[in-house]
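Q: Take this structure, written in structure tokens, and hold onto it; I'll ask about it next.
The values are calculated or read from the model by the stated rules, or taken from the named source; none is laboratory data. Here the structure is a predicted model, which means the values were calculated and not measured. Note: ideal-geometry Cβ built from the backbone for every residue, glycine included; neighbour counts use all protein chains shown. Side chains included, ligands, DNA and RNA excluded: accessible areas come from the protein's heavy atoms. Shrake-Rupley method; radii C 1.70, N 1.55, O 1.52, S 1.80 Å.
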Amino acid sequence: MRKTIIAWLLPCMLLVVPQAQAATLDDLQLLKQQMRQMQEKIDKMEAEMQASKQREAEAAAKAAQPVPPIVVQAPPVNQGDAGSGVTRSDANAFNPQISMILNGSYRGFSRDPALFAVPGFATGDAAGLGDRGLGINESELNFAANVDNRFYASSTLSLAPQGGLTVEEAYAQTLDLPAGLTIKGGRFFSGIGYINEFHPHHDDFIDRSLANRVFLNNTFAGDGLQARWLAPTDMYVELGGELLRGDRFPGGGAALRGSGAWDAFLRLGGDVGFSNSWLAGVSWLGNKPTGRASFDNAGAQTGTFDGNSNLIIADMVWKWAPDGNPVERNFKLQSELFFGNEQGAFTDAAGTPGLLTARQRGGYAEAVYQFTKGWDIGVRHSMVFAANSGSAVVPGGVLDAAGQHPWRSSVVLGYANSEFSRFRLQYSRDHSQRLVDHQLALQYIILIGAHGAHQY
Amino acid sequence: MKSLLAVTLLVTSLFASAMPAHAAMRVFACEPEWAALLMELGGKDVDIHTATSAMQDPHHIQARPSLIASMRRADLVVATGAQLEIGWLPVLLRQSANPAIQPGKPGYFEAASFVRMLEVPASVDRIQGDVHPAGNPHIHTDPRNILLVAGALNERLQQLDVAHADAYQRRYKDFSGRWQAALQRWQAEASPLHGVKLIAYHKGWAYMLDWLGLDEVATIESVSGVPPGAAHLADLLARQKVDPALMVIYAAYQDGKASEWLGSKAGIPVVKLPFTVGGSDQAGNLFALYDDTLQLLLRAAGR
């Protein structure tokens, strides 16, 4: 409507203007430009009017429309199929789930970490503290998938920050053995204790407890076989055993023709009401170390050990969440106790041999409370104690406990933006030695790739 | 020698595991809605263990020892699928040492395989939060889907427990008849809800919105699975002035703080919906779940 009026008006205006007079070429150009702009404006207004009319009409139609009749629609995809309905046929569809964990930290120590030691303990290569300052830690690359109808396999590769690739885990496990049996073979984190089986990015603290570090060199792993049996009872009862190569601390040297470590564990668990659940276990680990090297925190060898090593671990975890819903708030209490005994010969760094009977005890307890979604706070106390005897125990030597009862207390604050990005700030007061070490650490953990399922 | 001892111990325990014959089929239901459906279809022929309650977020369940123990003896696992249980079910399945209920076996049933999926993303990127590549997994919020799942579940129950096939069929016929009638009733009751605008806490209601013709104008979680920030809540409030929603809805298992705040600031009712069976005092079974949900929505809409 408006368009037509203006379409008439414009030529009239043009007629009225005395063209022959002062109307220069520039003026005409200006006029033409103005006309074009006007036309554009009009077009735009019209389009808007049209659109709003259409919206009104749609709304009216929607309001007037009766409720659609019930249609129980069957899916277009294959029914009766036990699969997920995804029908991709390309070869990539069979790719394993891949995830990568990146983490880095800042660490501050009031004492030189090279001086760190735990008196009375000849520790493995991974028991010490990390380096001072900024740095990334090991990146983990995990591949996991069902192999076929009978096996599941998982492999975790660790990329050290200084370069080099190590196989942390590479195992296959059965899926269809009868009577509650599962057999796992390959390289894996041992099922002894509670926290040992977990990769460190699952932990609530930046580092493992003093006890896990000195007794299990952070994580006890091995190449070999594991058998587990799950009882057909209402209560969770699991019995497991492992036969391993025995070349990892507290073993060493792959004794007995490469079968120098063995262990057994029993685990019980259940619920108490809707809000509480628990898991408790006892494990026994035997090793026949031959030429087991121990190290100080600067990486220098402190000696070698040949003999027998036995370790008993008792563990307990209690979890609470209101109505069993851990999303907003939850609480976890966790503790492990270690009882170690070793008999054999210890040869110190200078090559002087001696006899050793070691009675070592230790443990930790920790409590972690998530007070609101994404935020948690935790405290942990760990302590170890060694009573060593024999000719290998010399004053000032690595096996001399020097009357010390090493302990360490930590407080951690954790923040998770999502399940895939986490940050932690931890302060520890380390009384491993006579002089107190104040330790501060800030860490990030990032998961990219497949969404992992978490064990209890 | 010591390893020999361990092996002997294992072999002995093998004999101890010889299970007594059981009368009822053991079913492990991952969510309460499937437990309720199994109760309707299986009656006394099934022994149901429900893994989660209406007060728990089915995305985030701890793989508790009791769940492993119960899955160990299950003849059938009924899950929603579509990656809803991805954070905990795979570890339960692996640790259960039970070959009968592994994915691909008749003892493993995924409800989402039998319905038309909504909100299947064209692309997935975690910048959108914890998205589900197979589509929105909360299929049970539309009761029409219950009928589809019931049909498939009935077949599966009969396949696994041939001896009681007739009883399952009879119960299914009875249930589907009652359910069709209820669908007609709900459809009539719900007609005033058509086109009603609302704000939801989580993208958990796609199928209910589709069923009732509700219009979800926004969600309080700006990114799925990540707690809402203050800026996003302020945006929602500003948006309310331009395109007002009639109510805020959230599920019984979710924290209501953000929803309550928004509702009180915007001056609109906040509705805590049961989401699944057991989510409210009224929602004691499948029928009551949708009865209660509709009543709560109608009351909030003032219709």
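Q: Against the conditions (1) at the interface with chain B (Cβ under 8 Å from one of its Cβ atoms); (2) without any contact (Cβ under 8 Å) to a residue 60 or more places away in the chain; (3) open to solvent by less than 30 Å² (accessible area, probe 1.4 Å), where does A:Glu328 fall short? Just the number, please.
A: The failed condition is (3).
Q: Which of the residues belonging to the stretch B:216-241 are within 17 Å of B:Gly263 (Cβ to Cβ) and out of contact with any helix residue (DSSP H, G or I) (no Cβ under 8 Å at 6 or more places or on another chain)?
A: Across the stretch B:216-241, the qualifying residues are B:Thr219, B:Glu221, B:Ala230, B:His232, B:Ala234, B:Asp235, B:Ala238, B:Arg239, B:Lys241.
Q: Of everything in the stretch A:160-173, what is touching a residue at least 12 places away in the same chain (Cβ under 8 Å) and small (Gly, Ala, Ser)? Give them in sequence order.
A: Of everything in the stretch A:160-173, those that are touching a residue at least 12 places away in the same chain (Cβ under 8 Å) and small (Gly, Ala, Ser) turn out to be A:Ala160, A:Ala170, A:Ala172.
Q: So, one more: Looking at (1) among the aliphatic types (A, V, I, L, M); (2) open to solvent by less than 30 Å² (accessible area, probe 1.4 Å); (3) outside any strand (DSSP E or B), which is the one condition that is false for A:Leu256?
A: (2)
Q: Being acidic (Asp, Glu), open to solvent by 40 Å² or more (accessible area, probe 1.4 Å) and closer than 21 Å to B:Lys203 by Cα is the filter here, so list the residues in the stretch B:101-157 that pass it.
A: Within the stretch B:101-157, B:Glu119, B:Asp125 qualify.
Q: Scanning for something within 13 Å of chain B (Cβ to nearest Cβ) and closer than 30 Å to B:Ala51 by Cβ, does the stretch A:282-302 turn up at least one residue?
A: Yes, the conditions are met somewhere in the stretch A:282-302.
Yes or no, residue by residue, for (1) in contact (Cβ under 8 Å) with a residue 12 or more places away in the chain; (2) open to solvent by 30 Å² or more (accessible area, probe 1.4 Å); (3) charged (D, E, K, R); (4) part of a strand (DSSP E or B):
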site	(1), (2), (3), (4)
A:Ala117	yes, yes, no, no
A:Thr123	yes, no, no, no
A:Glu140	yes, no, yes, yes
A:Ser158	yes, no, no, yes
A:Pro178	no, yes, no, no
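Q: Here's a follow-up. Consider the stretch B:91-127. How many of its residues are under 24 Å from A:Pro232 (Cα atoms) and either free of Cβ contacts under 8 Å to residues at least 40 places away in the same chain or in contact with a Phe, Trp or Tyr (Cβ under 9 Å, 6 or more places away or on another chain) (or both)? Break it down stepwise before answering.
A: The first filter runs over the stretch B:91-127 and keeps only residues under 24 Å from A:Pro232 (Cα atoms), leaving B:91-109.
Pick out the ones that are also either free of Cβ contacts under 8 Å to residues at least 40 places away in the same chain or in contact with a Phe, Trp or Tyr (Cβ under 9 Å, 6 or more places away or on another chain) (or both) and you get B:91-105, B:108-109.
Final tally of qualifying residues: 17.
Q: Looking for something more than 7 Å from chain A (Cβ to nearest Cβ), among the small types (Gly, Ala, Ser) and either assigned to a helix (DSSP H, G or I) or within 19 Å of A:Trp229 (Cβ to Cβ) (or both) - is there at least one such residue anywhere in the stretch B:56-70?
A: Among the residues of the stretch B:56-70, at least one is more than 7 Å from chain A (Cβ to nearest Cβ), among the small types (Gly, Ala, Ser) and either assigned to a helix (DSSP H, G or I) or within 19 Å of A:Trp229 (Cβ to Cβ) (or both), which makes the answer yes.
One line per residue, one yes/no per condition, for (1) exposed (fewer than 14 other Cβ atoms within 10 Å of the Cβ); (2) at pLDDT 90 or above; (3) within 14 Å of chain B (Cβ to nearest Cβ); (4) under 16 Å from the mean Cα position of the chain (by Cα):
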residue: A:Asn417; (1), (2), (3), (4): yes, no, yes, yes
residue: A:Tyr427; (1), (2), (3), (4): no, yes, no, no
residue: A:His431; (1), (2), (3), (4): no, yes, no, no
residue: A:Leu435; (1), (2), (3), (4): yes, yes, no, no
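Q: Within the stretch A:182-192, identify whether any single residue is in a loop (DSSP other than H, G, I, E, B), surrounded by fewer than 18 Cβ atoms within 10 Å (Cβ to Cβ) and within 14 Å of another protein chain (Cβ to nearest Cβ), and answer yes or no.
A: Within the stretch A:182-192, not a single residue is in a loop (DSSP other than H, G, I, E, B), surrounded by fewer than 18 Cβ atoms within 10 Å (Cβ to Cβ) and within 14 Å of another protein chain (Cβ to nearest Cβ).
Q: Suppose we keep only residues that are outside any helix (DSSP H, G or I) and free of Cβ contacts under 8 Å to residues at least 24 places away in the same chain within the stretch B:273-301. Which one would you say is most open to solvent (accessible area, probe 1.4 Å)?
A: B:Asp281
Q: Checking B:Leu38 against (1) assigned to a helix (DSSP H, G or I); (2) open to solvent by 30 Å² or more (accessible area, probe 1.4 Å); (3) at pLDDT 95 or above, which test does it fail?
A: (2)
Q: Checking B:His132 against (1) within 11 Å of chain A (Cβ to nearest Cβ); (2) touching a Ser or Thr at 6+ places or on another chain (Cβ under 8 Å), which single condition isn't satisfied?
A: For B:His132, the exception is condition (2).
Q: Within the bounds of the stretch A:294-304, is there any residue that is part of a strand (DSSP E or B), open to solvent by less than 70 Å² (accessible area, probe 1.4 Å) and not polar (S, T, N, Q)?
A: yes
Q: If you don't mind, another one. Go through the stretch B:73-87 residue by residue and tally those that are facing another protein chain (nearest Cβ under 7 Å) and crowded, with 24+ Cβ neighbours inside 10 Å.
A: To start, the set of residues in the stretch B:73-87 that are facing another protein chain (nearest Cβ under 7 Å) comprises B:73, B:81, B:86-87.
Next, only the ones that are crowded, with 24+ Cβ neighbours inside 10 Å stay: B:81.
Of the residues in the stretch B:73-87, 1 are facing another protein chain (nearest Cβ under 7 Å) and crowded, with 24+ Cβ neighbours inside 10 Å.
Q: Further, regarding this structure: Tally up the residues in the stretch B:252-271 that are farther than 15 Å from B:Pro228 by Cβ and within 14 Å of chain A (Cβ to nearest Cβ), please.
A: 2
Q: Another question, if that's okay. From the list A:Asp223, A:Asp204, which residue is farther than 26 Å from B:Ala100 by Cα, among the acidic types (Asp, Glu) and part of a loop (DSSP other than H, G, I, E, B)?
A: Details: A:Asp223 fails: part of a loop (DSSP other than H, G, I, E, B).
On inspection, the qualifying residue turns out to be A:Asp204.
Q: Are any residues in the stretch B:183-212 more than 22 Å from the chain's Cα centre (by Cα), among the hydrophobic types (A, V, I, L, M, F, W, C) and more than 10 Å from chain A (Cβ to nearest Cβ), and if so, which ones?
A: Scanning the stretch B:183-212 gives a single hit, B:Val196.
Q: Something else about it: Name, by its number, the condition in (1) within 21 Å of the chain's Cα centre (by Cα); (2) surrounded by fewer than 20 Cβ atoms within 10 Å (Cβ to Cβ); (3) not basic (Lys, Arg) that does not hold for A:Asn196.
A: So the condition that A:Asn196 fails would be (2).
Q: Are any residues in the stretch B:185-203 in contact (Cβ under 8 Å) with a residue 60 or more places away in the chain and in a strand (DSSP E or B), and if so, which ones? Step through it out loud before you land on a result.
A: Here is the first cut: in the stretch B:185-203, the residues in contact (Cβ under 8 Å) with a residue 60 or more places away in the chain are B:186, B:189-190, B:192-193, B:196, B:199, B:203.
Once the filter is applied, which keeps residues that are in contact (Cβ under 8 Å) with a residue 60 or more places away in the chain and in a strand (DSSP E or B), the stretch B:185-203 yields only B:Ile199.
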